[in-house]
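Take a look at the structure set out below.
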Amino acid sequence: MGLFGTKTPPKGTVESVVAMLSDYFKRRKLDMDGHALDGERDSCGWWLMEGSAKVYIFLQEDKSGKIMLRVTSPIVHFPDTDRERFFQRCLELNQELNCCSLSSHEEIILVTSQRPIAGLDQEELNTLIWNVSHAADVIDDLFSQEFRCRVYDDR
C-alpha cells in the first residue's frame, strides 16, 4: 500500500514503469499524455525535448518476451565527407559515455540506453533519461560543428 492508502503497482511491471514515468514528467512540469507517441504493436512511448535534442522513451517487448525500457535520441545524420574520422570520433566518445552509447540506424547517429524493466527504480529511470538527454544535447552540437553534420529533425 502506498502513501495515503494508494495502491503502488508491483516493481518491475509495465504499470510501475508508467507510474515512474508519470512522476518524471510531473517533476519536469510536462503533460505525459501530450507527449505520448502513437503506439505500435508490443510497444508504447513518449517524447520530450532536452535543449536541441528530442528524446524518445519506449517500453517494448523484445524477441524473448521481456519488456525493455529504451531511451533514445536521434542526433545527427552521417556527414557527407570524412566518414572514417567521424566514426572514429563516435567510438572515442562511446568510451566516455555513462549508461548510454552511440549507435546508428539508416545513416543517423543516436544516443541510446536500454535495459529490462525488472528491478528498475525511479532513480535509475531518471538517470537513464538524463544520461541520454544530456549526451544527445551536447553531442549533436559537437558533431554539427566538428563534421558539419545535419542535426536530426523529425519534422
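List nothing, just return the count: lysine pairs in the chain, 8 or more apart or interchain, with Cα separation under 25 Å.
Total qualifying Lys-Lys pairs in the chain comes to 9.
Using amide H atoms built 1.01 Å from N in the peptide plane, name the residues 5+ places from Ser104, or on other chains, whose amide H lies under 5 Å from its own.
It is Leu110, by chain and number.
Per residue, how much accessible surface does the chain expose to a 1.4 Å probe? Answer in Å², no decimals. If you can, show how the numbers build up before the last one.
Details: 9430 Å² over 155 residues.
Normalised by residue count, the accessible surface of the chain is 61 Å².
Would you mind classifying the chain by shape? Square roots of the alpha carbon gyration tensor eigenvalues, ordered a ≥ b ≥ c; an a/c under 1.5 is rounded, otherwise it is prolate if a/b is larger than b/c and oblate if not.
On the way: a/c = 2.21, a/b = 2.01, b/c = 1.10.
Taking the square roots of the gyration eigenvalues as a ≥ b ≥ c, the chain is prolate.
Rounded to the nearest 0.05, what FRET efficiency do Met32 and Asn98 have when you use their Cβ-Cβ distance and R0 = 25 Å? Don't jump to the answer; show the numbers that get you there.
On the way: r = 25 Å, r/R0 = 1.02.
Given R0 = 25 Å and the Cβ-Cβ separation, E is 0.50.
Average the reciprocal distances over every distinct pair of alpha-carbons in the range 25-91, invert the result, and give the Kirkwood radius in Å. Could the numbers behind the result be given before it?
Details: mean 1/r = 0.0695 Å⁻¹.
Every distinct Cα pair counted, the radius reaches 14.4 Å.
Hey, what do the phi angles of the range 56-62 turn into as Karplus ³J(HN,Hα) couplings, whole Hz, using 6.51/-1.76/1.60 and θ = phi - 60°, x for Gly and Pro?
Taking θ as phi minus 60°, the curve returns 10, 10, 10, 10, 9, 8, 8 Hz for the range 56-62.
What's the carbon and sulfur percent of the chain's accessible surface, probe 1.4 angstrom, rounded to a whole number? It would help to have the intermediate numbers written out before the result.
Values: 4650 of 9430 Å².
That share works out to 49 percent.
Go ahead and set up a Gaussian network model of the chain, Cα springs under 10 Å, then flag whichever of Leu59, Leu48, Leu91 fluctuates most.
Answer for the Gaussian network model of the chain: Leu91.
When the helices in the chain are scored as -39500 (n - 2.57) per DSSP H run of 4 or longer and the sum is shared across all residues, what 222 nm value do you end up with, to the nearest 500 deg cm²/dmol? Mind showing how you got there, number by number?
Working: 3 runs with 51 residues, N = 155.
That calculation yields -11000 deg cm²/dmol at 222 nm.
Just to be sure I understand the model, the point goes 7 Å from the Cα along the line to the Cβ. What's the resulting Ser52 to Ser22 distance in nm?
Taking the simple label geometry, Ser52 and Ser22 are separated by 3.6 nm.
Please name whichever of Gln145, Gly65, Val111 sits farthest to the positive end of the charge dipole of the range 57-155, dipole taken about the Cα centre and charges placed at Cβ: Lys and Arg +1, Asp and Glu -1.
About the Cα centre, the residue reaching furthest to the positive side is Gly65.
The values are calculated or read from the model by the stated rules, or taken from the named source; none is laboratory data. The shown structure was predicted, so the numbers you read here are calculated from the model rather than taken from an experiment. A quick note on method: Cβ atoms are made from the backbone with ideal geometry, for glycine too, and the neighbour counts reach across all protein chains shown. SASA here: full protein model, heavy atoms, side chains in, ligands and nucleic acids out. Shrake-Rupley method; radii C 1.70, N 1.55, O 1.52, S 1.80 Å.
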